[in-house]
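Derivation of every value follows stated rules applied to the coordinates shown; laboratory data play no part. From a predicted model like this one, the values you see are computed outputs, not experimental measurements. Glycine gets a Cβ as well: all are built from the backbone with ideal geometry, and neighbour counts include every protein chain shown.
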Amino acid sequence: MRFARFERQAIGMYVMVALGPIFLICAIGYWVNTEIFLHRAHRVSGQILEMKRDVDNDGSVTFAPVFRFVAENGQVYTVESLNYSSPPAFSVGQVVPVVYVTPEPMSARLEIFWQLRAFETIFAIFSVCFPLGGLFLLWRRRGGAREFRPSSEAEAQISQNVSRGCTWRGRLGAWGRSRWIFAA
């Protein structure tokens, strides 16, 4: 039973390492999608009309901006952002930069970093953290942080130094040299 648990942990660690490239591909995909959107987009000013309130099951409250802008054709559009935050990131009446694509003005977004680049940023962070965490756990599992044990030659030197009045501190000093302290 104990062996099976350790094997499941090892599989989980390998999965963490394998998720890194997958998350990196997702981050690059979202980044390319955002860049294509921004390349085709028109930039206009908009105004925050309200902060839509959403209450989760656990009682936490988040807010999404609802904004209005006038497209190049003169039509007025009102759009609710898909990004919620707590506390509210905007105030009612605030003028904000808006980007939209002409054929789909209802897909408009606020031209603010977290409104445009939240997904690729989160996936990029995960693409680094998951493999590093998995590699660290694998390193620890394989005994990467073992306690220092002197070899038999070192033990002979230790006993010789102890007989001369030195005491072993058991730590490694700078450049891997052992520290000896002479007892007074």
Subject >> Prolate/oblate/rounded label for region 4-129 (Cα gyration tensor, a/c 1.5) >> reply: oblate
Original post:
Using +1 on the beta carbon of Lys and Arg, -1 on that of Asp and Glu, and nothing else charged, what's the dipole of region 7-154 about the Cα centre, debye to 20?
Top reply: 420 debye
